[in-house]
1. So, in region 32-61, how many residues would count as being within 20 Å of residue 18 (Cα to Cα) and β-branched (Val, Ile, Thr)?
2. Looking at (1) assigned to a helix (DSSP H, G or I); (2) at pLDDT 60 or above, find the lone condition where residue 120 falls short.
3. Just one of (1) within 18 Å of residue 101 (Cβ to Cβ); (2) crowded, with 20+ Cβ neighbours inside 10 Å; (3) at pLDDT below 90 trips up residue 59, so point out which.
4. Could you list, in sequence order, the residues of region 78-92 that are free of Cβ contacts under 8 Å to residues at least 40 places away in the same chain and within 16 Å of residue 58 (Cβ to Cβ)?
5. Which members of region 57-74 meet the condition of being in contact with a Lys or Arg (Cβ under 9 Å, 6 or more places away or on another chain) and in a helix (DSSP H, G or I)?
6. Hey, could you check region 25-56 for residues that are modelled with pLDDT under 95 and among the small types (Gly, Ala, Ser) and say which is nearest to residue 113 (Cα to Cα)?
7. Looking at (1) surrounded by fewer than 17 Cβ atoms within 10 Å (Cβ to Cβ); (2) modelled with pLDDT of 95 or more, which one does residue 108 not meet, given that it meets all the others?
8. Taking residue 64 as meeting all but one of (1) under 18 Å from residue 18 (Cβ atoms); (2) surrounded by 16 or more Cβ atoms within 10 Å (Cβ to Cβ); (3) among the hydrophobic types (A, V, I, L, M, F, W, C), write down the number of the exception.
Amino acid sequence: MVSSYSAYQRTNTATENPRALEYRLLGMVTAAMIDAEKKNEPYLRPARIDAALWNKQVWDHLLLDLVHEENRLPKETRVALVNVGVWVTKEVRSVTDNQSDCSALIEINQIIMQGLKASAIETAPADSSPVDPSTMARTSVSS
C-alpha cells in the first residue's frame with residue numbers, strides 16, 4: 001500500500017480544499033472500520049486491526065498538520081484536536097490488544113466529520129461530494 005500520507009499530499013495539492021479532503025479520508029477509514037465491525041467472526045479480526053491501524057495513520061497525519069506552524073485553525077481548536085488524536089492512538093492500541101472494538105473510533109471520526117462537513121460542502125469542486133462512511137467500502141488511498 002502506498003503511504004496514505006503521500007497520497008494525502010498529492011490529492012491535497014490537486015483541487016480539493018484541505019477540509020474536504022480530510023472529510024473524504026475520514027469517511028473512507030470510518031467506512032473500513034464499520035465494514036470490519038460487521039465481520040465479527042474471530043478469524044476476521046485482522047480486518048478490524050487493519051482498519052484501526054489505517055485510522056491511526058490518518059490521525060497521525062492530521063496531528064502533523066495540526067502542529068504545523070502554518071495551520072490556520074485557532075490554537076484552542078488545534079489543542080483539542082491534538083488531544084483527540086492522542087486518545088485515538090490509545091484507543092487503537094486497545095483495539096489491537098483485543099480489549100475493545102472500533103465503535104468508539106467510528107463515533108469520534110463521525111463527530112469530527114460533522115464538523116468538517118459544512119466546510120467540505122461549501123468549497124468542494126462540482127464533481128466531488130462528501131462521502132457517507134456507512135455506504136463506502138475501503139478503497140485504496142493511492143488512486
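The values are calculated or read from the model by the stated rules, or taken from the named source; none is laboratory data. Since the structure is predicted, the reported quantities are computational estimates derived from the model, not experimental observations. Virtual Cβ from ideal backbone geometry, glycine too; neighbours counted across all protein chains shown.
1. Our first condition is that a residue be within 20 Å of residue 18 (Cα to Cα); within region 32-61, this holds for 54-61.
Next, from what is left, pick out any that are β-branched (Val, Ile, Thr): 58.
The qualifying residues number 1.
2. Every listed condition holds for residue 120 apart from (2).
3. Residue 59 satisfies all of (1) within 18 Å of residue 101 (Cβ to Cβ); (2) crowded, with 20+ Cβ neighbours inside 10 Å; (3) at pLDDT below 90 except (3).
4. Result: 81, 82, 84, 85, 86, 87, 88, 89, 90, 91.
5. Applying the first criterion (in contact with a Lys or Arg (Cβ under 9 Å, 6 or more places away or on another chain)) to region 57-74 yields 66-67, 71.
Of everything in region 57-74, those that are in contact with a Lys or Arg (Cβ under 9 Å, 6 or more places away or on another chain) and in a helix (DSSP H, G or I) turn out to be 66, 67.
6. Selected residue: 36.
7. The single condition residue 108 does not satisfy is (1).
8. The failed condition is (2).
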